[in-house]
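Written below as structure tokens is the structure these notes are about.
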Amino acid sequence: MGISWLLLLFSTAHFYIEVDSKDSKETAKLRSVQILFRHGARAPSEQITDPNYHSSFPRGLGEMTDRGFENSYKLGRYLKKRYVDKGFLDPIMKPKEMFWRSVNKNRCLSTASTVGFAMFDDQIRHIHVPVVTEEIDEKLLSYNIDNCPREVELVRERCPNFDGNYHPWPRYEAFIANCLNYTHPVFAEYPFETIEAYMNEYKNSIPPPPLIEKHINEIMAIYVNVTQFITGTGNHHDPRMMKVKFGFLMETLLENIREMKESRESKEKTDVKKFTVYSTQDWILMGVLDSLGVLNKTVGLEVYPEYNSMIIIELWEEKSEKFYVKTYYKKEEITAESHELIDVSNLVRNCEESEPNCSYEKFIRCCNDYKSDEGEGCEAQKRKRNIRGLSIDKAERKKPLFAGPE
């Protein structure tokens, strides 16, 4: 099977948040929510720089830390207050209302299950949400980078000596840094391939060596810019690369909104989910934010999205049966139950900056240059899929290949 089901339990109802629209002086109803968050704090992917630090990462390389689980739980409590306590989601947790999808990495799966548990934890029942992932041939939250000639072509425009080999990933990152002439005296003592380890340790409150600590912001900016080149985002903005990396995800996010609106207008009973969650990684958040045109206003161009940072996209319906979209970003790693989100609804591409909300008609056309059909630009066998991007045919199991660090 191409799908792993994790942590079952749940069936649906229709509760709505009703708020007084400050803009139209009428009651609006929340119809759908899509959320993308980065996993919680984790261990470095490739190495731990000092044997004394192993106790801080007891689950192994790339795995979630206690800090990651704790802050993921806090994120879930915030979502509980926003969507469960206010009646949008049934507090008994009904799977028919929701769709939870994760990148097939333990840290992302663990984050999804922890956030979901926190949303429905009433201190009495031990309820978990069902989370699905794509074990092979992922195309929604990643893709087979080794079968993407278009990406090789785009990389070679700037780095003609690229041999098409992305493995191991730190070596590829170092190659890109060298190609872009990103140099720093720190790299003479601490090669670029080691920086990922030091950055993740630093994010887990382990101080880096004095030389790195002295230049931490400069080193972080270089590392981020390398990722931006690899993904076509930020300072290396390239819609062609972004369509390869994030195009199908952007198409899916917009299609989910379109389907909910059409189902409301038809007044027919459908299986369209009103609450969709994607547990994912920093580079994917960067891609979605930049596709929407709000990366600089939310994350900035010299840093990564923090652990447990989050994008929220809400579809609202007014009494007049007109629809609008709200877009929010949670920047910080630690989430308060009354956390203040960054509202970028009026800054999304094609939306009116003078208006507090973005009309459905404008939002749905926000990202035509950044969305694409499944597998566009990459050589991949076309397979029948459902509306959420999950394979529904059987395939031989094989080691999954991802477009980012292991």
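Observations, loosely collected:
- Beta bridges assigned by DSSP with both partners in the chain are antiparallel in approximately 70 percent of cases.
- Solvent-accessible heavy-atom area per residue, rounded to whole Å², over region 145-236 at 1.4 Å: 44
- Sulfur and carbon atoms: percent of accessible area, region 319-380 [1.4 Å]: 42
- Legend: distances between Cα atoms for 96/322; 80/139; 214/330; 319/362; 29/80; pairs beyond 23 Å are 96/322; 80/139; 214/330.
- When shorter helices are ignored and each DSSP H run of at least 4 residues is given -39500 (n - 2.57), the per-residue value for the chain at 222 nm works out to -9500 deg cm²/dmol.
- Per residue, region 290-380 exposes an accessible area of 44 Å² to a 1.4 Å probe, with every protein chain left in place.
- For region 42-134, trypsin sites (Lys or Arg not before Pro) meeting the loop criterion (DSSP other than H, G, I, E, B) and having at most 16 other Cβ atoms within 10 Å: 59, 86, 125.
- Cα gyration tensor, region 291-382 - rounded (a/c under 1.5), prolate or oblate: oblate
- The gain in end-to-end length when the residue 189 to residue 211 segment is fully stretched comes to 7.0 nm, 0.36 nm per residue minus the alpha carbon separation.
- Measuring nothing but protein heavy atoms, the accessible surface of region 145-236 at 1.4 Å probe radius is 50 percent carbon and sulfur.
- Three-way shape call for region 149-203 based on the alpha-carbon gyration tensor, with the a/c threshold at 1.5: prolate
- Residue separation of residue 106 and residue 180 scaled by 0.36 nm, minus their Cα-Cα distance, works out to 23.4 nm of gained length.
- Here's the list of aspartates and glutamates a cross-link from residue 81 could span, going by alpha-carbon distance under 14 Å and ignoring same-chain residues fewer than 8 apart: 90, 121, 122, 337, 340.
- If the chain linking residue 161 and residue 52 were pulled fully straight, counting 0.36 nm for each residue of separation and taking away their Cα-Cα distance, it would gain 35.3 nm.
- Label point distance in nm, residue 70-residue 269, each placed 7 Å from Cα along Cα→Cβ: 4.7
- Relative to the Cα centre, the charge distribution of the chain, modelled as +1 at Lys and Arg Cβ and -1 at Asp and Glu Cβ, gives a dipole magnitude of about 1140 debye.
- Considering all C-alpha pairs of region 145-236, those separated by over 21 Å amount to 33%.
- Dipole moment magnitude, nearest 20 debye, region 145-236 about Cα centre, only Lys, Arg, Asp, Glu C-beta charged: 140
- Residue 337 sits with roughly 100 Å² accessible to a 1.4 Å probe, with DNA, RNA and ligands left out of the calculation.
- Inter-label distance for residue 338 and residue 365, nm, one decimal - labels placed 7 Å from Cα along Cα-to-Cβ: 4.1
- The residue among 152, 233, 174 whose Cα reaches farthest toward the positive pole of the charge dipole of region 145-236, with charges on the beta-carbon of Lys, Arg, Asp and Glu, is 233.
The values are calculated or read from the model by the stated rules, or taken from the named source; none is laboratory data. Computed from a predicted structure; not experimentally measured. Every residue, glycine as well, gets a Cβ built from its backbone with ideal geometry; the counts of neighbours run over all protein chains shown. Quick note on the areas: whole protein, heavy atoms, side chains included, nothing else; ligands and nucleic acids left out. Shrake-Rupley method; radii C 1.70, N 1.55, O 1.52, S 1.80 Å.
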